[in-house]
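What follows is a single structure, written as C-alpha cells, with notes after it.
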Amino acid sequence: MKTFTATNFKETFYLFLFLFGIIPNLHSQIEILSLWNKIPDEINAPDYKEKEVLKEGKIQSTSLVSVTTLSVFIPKETKPDQTAVVIFPGGGYSHLSMDKEGTKVAEWLNSLGIVAFVLKYRLPSDLIMKNKSVGPLQDAQEAIRYVRSNASKWNIDPNKIGTIGFSAGGHLASTLATHFDDKVYESKFNMSARPDFSILIYPVISMENGITHKGSQTSLLGQNPSQLLIDNFSNEKKVTSQTPPTFLVHASDDGAVRPENSINYYLALKKNNISAELHIYEKGGHGFGLGVKDTSQFWSNDCKEWLKINHYIF
C-alpha cells in the first residue's frame, strides 16, 4: 500500500484543480503517478523536504526530491501503437528544471503525436540513499519498465519507448542507455529497461575530469570519486552494440558542458555501428531548452525529421 504523504496530497490537489479546469495551463497533463510503492535502498529522513520554485502557479524547478513521480501528457488525438518518450529534466543533479526541460518538452512531444512522461527523479543524496550514484538510475530503469508494462493503457507500442534528457538529465538518459541491464534494484516488472532510442540535448556524458560538468560529477559521485566510479559513469566508455539509436545536440559555445561530451559519445556509437545523428550548432550556449536564440533554436525541427526517418512519428 502506498504511503499518503504531503507530496501525494499536493499532487492530488493539483490533479483535482486540473480536472475542474482551474489550472488551464496544464494542457494535456492527465495524471501524476507515484513510481514506487517502496523506494529501493531508502534512508528515512523526515526533515528532508522537497523545495519548489513557482511562477504564476507553475513549478519552474524543484530540489531535494525524494519522492519519484511520472507526469503523463497525452496528445489531443490518440492513435494505436503510439510512440512514448520519458523526459529527464536537467539541473546538475542538484535540482530539476521542471518547466523548461519538462512540461514544455512534453507539450512539444504531444504536438508530434507522442505520449510524454516527465520523470521527477530523486536527486542523489547520502541523506536519503544508501548508494546515491545509482539512485537516479533506479528511477530511470523503473520508469521505462512501468511505461512498457502499462503500454496498452495509453495505446503505446512497447517497442517505441524512448527518452530525452537535458544536461545532467542527458547524463541520466545516457546512463540508462548504457546501464539498462545493470541490476541496481529488484523490480516487480518483468520487462526490459532498455529505451528504444535516446535524444540527448547538451548532455553531460562523461564523468572524466576536464570534460565533465564538475557540479554534476560532485552531486552524483561525491567530492573525491575513485577512478573506477568515474569510469563506470563515463558513458562514452560504456557504449555497446545494444546501446539504442541516439540523436545528439550541443552548441560549440557551451561554457558549462563541453561539446566533447556529445562528440565522444557519438564516436563511441559510430564505433559500435549504432545509428546516431549529431548536431553541433555554432551558437546557443547551455540550457537553451527547446531553443531560444541563435542556431540552437532549430534543433527541434531536426529532431522531428530524425523521428520521422526512424518511423517514430508519421
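Take the conditions (1) within 23 Å of ILE32 (Cα to Cα); (2) open to solvent by less than 10 Å² (accessible area, probe 1.4 Å); (3) over 11 Å from the mean Cα position of the chain (by Cα); (4) of a type outside the set (A, V, I, L, M); TYR202 misses just one of them, which is (1). What about ASP253, is it open to solvent by 10 Å² or more (accessible area, probe 1.4 Å), over 20 Å from the mean Cα position of the chain (by Cα) and under 15 Å from ALA268 (Cβ atoms)? No; evaluated as a whole, the condition is false for this residue.
Would it be correct to say that LYS120 is touching a Phe, Trp or Tyr at 6+ places or on another chain (Cβ under 9 Å), touching a residue at least 12 places away in the same chain (Cβ under 8 Å), basic (Lys, Arg) and closer than 28 Å to ASN310 by Cα? No.
Is it the case that VAL239 is aliphatic (A, V, I, L, M) and open to solvent by less than 50 Å² (accessible area, probe 1.4 Å)? Spelling it out, VAL239 is indeed aliphatic (A, V, I, L, M) and open to solvent by less than 50 Å² (accessible area, probe 1.4 Å).
For (1) surrounded by fewer than 24 Cβ atoms within 10 Å (Cβ to Cβ); (2) within 28 Å of ILE313 (Cβ to Cβ), each residue gets a yes or a no:
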residue: GLY90; (1), (2): no, yes
residue: LEU123; (1), (2): no, no
residue: LYS130; (1), (2): yes, no
residue: SER149; (1), (2): yes, yes
residue: PRO158; (1), (2): yes, yes
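Considering GLU208, GLU260, GLU282, the condition of being at pLDDT 95 or above, more than 21 Å from PRO89 (Cα to Cα) and charged (D, E, K, R) is satisfied by GLU208 alone. Of all residues in the range 81-121, those satisfying the criterion of being in contact with a strand residue (DSSP E or B) (Cβ under 9 Å, 6 or more places away or on another chain) and assigned to a loop (DSSP other than H, G, I, E, B) are ASP81, PRO89, GLY90, GLY91, SER94, SER97, MET98, LEU112, GLY113, ILE114, TYR121. Close Cβ contacts (under 7 Å, 6 or more residues apart or on different chains) running from residues in the range 128-151 that are over 15 Å from ASP182 (Cβ atoms) to residues that are polar (S, T, N, Q) and at pLDDT 95 or above comprise ILE128/SER66; LYS132/SER125.
The values are calculated or read from the model by the stated rules, or taken from the named source; none is laboratory data. Values in this document were obtained by computation on a predicted structure and should not be read as measured data. In this analysis, Cβ positions are derived from the backbone assuming ideal geometry, glycine residues included, and neighbour counts consider all displayed protein chains. Please note that ligands, DNA and RNA were not included when accessible areas were found on the heavy atoms of the full protein model with its side chains. Shrake-Rupley method; radii C 1.70, N 1.55, O 1.52, S 1.80 Å.
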